[in-house]
Every structure is written in structure tokens, then in C-alpha cells.
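One structure is given below, encoded as C-alpha cells.
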Amino acid sequence: MPNTPLVAGALALGLLALPAAAQEVGDDAPAQSSSSEVADRVQGDVDETSIRWLGIARVRYSIPLEFSAGGGAILARMPTSYDCATFCEYRGFVAQIEPGSAGGQLGVGYARVIATRKPRSAFLNNVYVGWGARAVLVRTWGDSELDPERQTLAGFEGQFALPRLTFNLGVLRRISSAHEDADRYVYTAGIGWGF
């Protein structure tokens, strides 16, 4: 058969052009939207969003806070038509405060969470998956394992959540005075429930 690749290519092009040709035939074909109409529809969807805030909470064991419980909020811009009855994706600014047995932490940053909430509740109920990155300020006290026990640290913490579990890793730098033999950086890790 002469030039089989050429014939196969022409046949493929003909099949691809078939749907476009079928749309052009007949007066009943719907008129194509102009680009300005599409832009207006997209702008309408953007305009119909609202900023929602939902409470977040977690309990965990971590270094250097040891046992701690925290609460805060996530602020997310979402379409107003979303009722989030089953689940929603929340992404935006997050802030949280977390006192613990050996210290306390204040964190602000960005989070992205797929979760549900109970009807008429201001808190996320079930976190299916999520992640966050925060700048944190930590003050230790009590029986902290750090030397000295009372000091102030600042740094970054990353968090990853699966259903019912959350994991975090971070690095902190001492910003208060410590003795000369103290390490400048402290690495953090933890596991808990919530977000």
C-alpha cells in the first residue's frame, strides 16, 4: 500500500475536523459566546466570593513544648454558593496560639486544608488532608529540656495533616541570651490531632 503513514495522518486529521464541521452545519447550532461575555461570567464568579473564617484546634506532643493544646483561625476567600456540607478546600491566612507544659507558641502563616465542619459550628470538624507553613515565636518555661529552661526562639514550622493526625517539623533560632555552649538552632518535631 503506497504511503501508509500519509494516509493514516490524513484520516486522523479528517476525524479531528469532523466534530467542528458538525457544529457548523444547521441554523440550530448555539451561538458562540464572545470573549467579553466569558470574562463577565468569570468576573461575576469572582465578585460572588466572601471571606470566611473557621476555628482550628489541635492537641499534640512536640519538642520543645511537650504536651500542648492550641487554637486559632484560618481565613479563606470562597464562593458564596459553597455550603461545604460535605467538604471544602480552605486556603489562606492562618494564626494560632498554643500553650504547653514546657512552653508556648504563637504562629502565623499560610495553610491549605480540605475539611468539613459541623452545621452551625465555627470550627473545622474533620481534616482530610492539609498542609501549612508558619513563622513561629516560642517561649519556653517550666521543665523544658532546653538549656537554659527559659528562653525565646523564633523560626519556621511546617505542618502536614492526614485524617485525624497532624505532623510538624521546624527549625528555631535562639533570640534570647543563652550561655556560650548552647546550640544556636533548635529543631522541632511533633505529632498530634487536629490542625
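Look through F167, F67 and report the one residue that is in contact with a Gly (Cβ under 8 Å, 6 or more places away or on another chain), touching a residue at least 24 places away in the same chain (Cβ under 8 Å) and either of a type in the set (S, T, N, Q) or closer than 12 Å to F195 by Cα (or both).
F167
How many residues, within the stretch 60-96, are β-branched (V, I, T) and farther than 16 Å from W131 by Cα?
Qualifying residue count for the region: 3.
What number of residues within the stretch 77-108 are under 30 Å from E145 (Cβ atoms) and without any contact (Cβ under 8 Å) to a residue 40 or more places away in the chain?
Residues flagged as under 30 Å from E145 (Cβ atoms) and without any contact (Cβ under 8 Å) to a residue 40 or more places away in the chain within the stretch 77-108 amount to 7.
Please work out which residue is modelled with the highest pLDDT, limiting yourself to the stretch 65-79 and to residues that are under 13 Å from the mean Cα position of the chain (by Cα) and buried (at least 20 other Cβ atoms within 10 Å of the Cβ).
Taking the stretch 65-79 and keeping what is under 13 Å from the mean Cα position of the chain (by Cα), we get 73-77.
Now narrow it down to the ones that are buried (at least 20 other Cβ atoms within 10 Å of the Cβ): 74, 76.
Numbers: I74: 93, A76: 89.
So the residue we want is I74.
Considering only the stretch 43-132, give the strands (runs of 3 or more DSSP E) lying wholly within it that have at least 2 residues that are among the charged types (D, E, K, R) and under 17 Å from Q159 (Cα atoms).
Those strands (runs of 3 or more DSSP E) span 49-63, 88-99.
The values are calculated or read from the model by the stated rules, or taken from the named source; none is laboratory data. Please read these numbers as outputs of a predicted model, since none were measured by experiment. Cβ atoms come from the backbone with ideal geometry, glycine included; neighbour counts cover every protein chain shown.
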